[in-house]
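Rule-based calculations on the coordinates, nothing more; no lab input. A quick note: this is a predicted structure, and the numbers were derived from the prediction, not measured. Don't worry about glycine lacking a Cβ; one is built from the backbone with ideal geometry, like all the others, and counts go over all protein chains shown.
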Amino acid sequence: MLVEDRLYGKVEIDSPILVELINSPAIQRLKGINQLGVPAEFYPFPSFSRYEHSIGVMLLLRRLGASEEEQIAGLLHDASHTAFSHVIDWVLKEIGGQESYQDENHLIYLKRTELPSILESFGYDVEAVADHHRFCLLERDIPNLCADRVDYSLREFPDDVSQACLSGLSVNNGFITFNDKRLAKLFAENFLERQKLNWGGFEAVNRYYYFAKALRIAMELGLVKFEDFYMDDGYVMDLIKDCPDEEFKKIMSAMKEKCWANRPQTGRRMEKKVRYVDPLCVSDSGLQNLSELDNDFKNKLEEELALQKPGVPIVII
């Protein structure tokens with residue numbers, strides 16, 4: 001099976017289980033789920049699908065020399081996302097917090113699909129594959145690099161930055177690292193910029209807040225059930241498109257605007273999950289975090305985290 005990816009190029013997948021998993025309904029469903037949550041027509045930044053990211057994580061793990069089992073875990077790591085990705089946390093709690101619903105329900109969802117039987121037929125166990133703590137390249141706690149964190153960020157960086165950063169990645173003592181401090185800083189600063197402008201920025205927080213509010217209205221009216229979120233974005237949008245509620249209509253009309261910066265504010269502040277990295281670098285003293293090697297980056301990181309802490313103001317719709 002030939003896979004063509006905009007980051008990693010053309011890659012021949014010769015593993016029968018990976019081919020079967022890629023073609024499974026559970027993975028194909030991810031083509032209809034937006035990585036950034038809010039549908040692209042209502043979001044001011046370009047995005048990509050959870051499918052593209054899942055394939056990318058698998059390819060990055062392969063590139064880094066991960067085992068077939070870890071590549072499988074990478075391919076499946078987002079299979080449990082609902083429609084609109086992390087927006088579901090805001091639907092359930094109003095405040096998204098750590099946006100952990102998908103992680104907490106990952107194994108539960110996988111067991112509902114055809115994936116366990118595919119895994120079993122090739123000698124793999126779904127519970128083992130779903131335990132991301134077993135896979136040190138796939139997942140690491142913030143601020144370390146991991147294949148998940150690296151792939152989704154590279155897809156938002158400028159192409160030349162992505163390719164430069166990709167060329168500098170290596171694996172040392174089970175950690176994804178940079179051999180070049182310059183490239184580590186390039187990656188980390190671009191990552192911080194995406195958090196500031198996009199992932200935890202003004203537009204993202206406000207649009208998550210209001211889109212989740214619109215979805216709650218549709219649920220209260222019985223137009224959509226929670227189970228419907230385990231389809232895809234388009235399926236749920238079709239269910240709610242004719243919602244008669246006036247507040248719902250007002251929100252969805254405003255969502256079509258690409259910039260909310262000039263809207264009056266409510267006085268309330270909220271934040272999304274704070275994402276940042278402090279990559280490990282290969283140095284003369286062994287592996288060290290970039291912040292230990294570069295005071296300029298250390299100061300930038302501390303300043304940005306302090307700015308993120310109060311959250312961003314919520315506008316009036």
Selection over region 30-44 where residues are in a loop (DSSP other than H, G, I, E, B) and not small (Gly, Ala, Ser) yields a count of 7
If we keep only residues of region 165-190 that are hydrophobic (A, V, I, L, M, F, W, C) and within 15 Å of residue 60 (Cβ to Cβ), then the residue surrounded by the fewest Cβ atoms within 10 Å (Cβ to Cβ) is 171
**Request:** Could you tell me whether residue 315 is surrounded by 14 or more Cβ atoms within 10 Å (Cβ to Cβ), touching a Lys or Arg at 6+ places or on another chain (Cβ under 6 Å), closer than 18 Å to residue 200 by Cα and touching a residue at least 60 places away in the same chain (Cβ under 8 Å)?
**Result:** yes
Residues of region 172-185 being in a helix (DSSP H, G or I) and touching a Phe, Trp or Tyr at 6+ places or on another chain (Cβ under 9 Å), in sequence order, are 184, 185
Inspect region 266-280 for any residue being without any contact (Cβ under 8 Å) to a residue 60 or more places away in the chain, over 22 Å from residue 175 (Cβ atoms) and hydrophobic (A, V, I, L, M, F, W, C) and give the result as yes or no. no
Checked 104, 94 against criteria (more than 18 Å from the chain's Cα centre (by Cα) and surrounded by fewer than 22 Cβ atoms within 10 Å (Cβ to Cβ)); the one match is 94
Pairs returned, first residue in region 147-175 that is of a type in the set (Val, Ile, Thr), second residue that is part of a strand (DSSP E or B), beta-carbon separation under 9 angstrom, 6 or more apart or interchain, are 150/169; 150/176; 171/177
Over region 281-295, the set of residues without any contact (Cβ under 8 Å) to a residue 24 or more places away in the chain, part of a helix (DSSP H, G or I) and surrounded by 11 or more Cβ atoms within 10 Å (Cβ to Cβ) is 291, 292
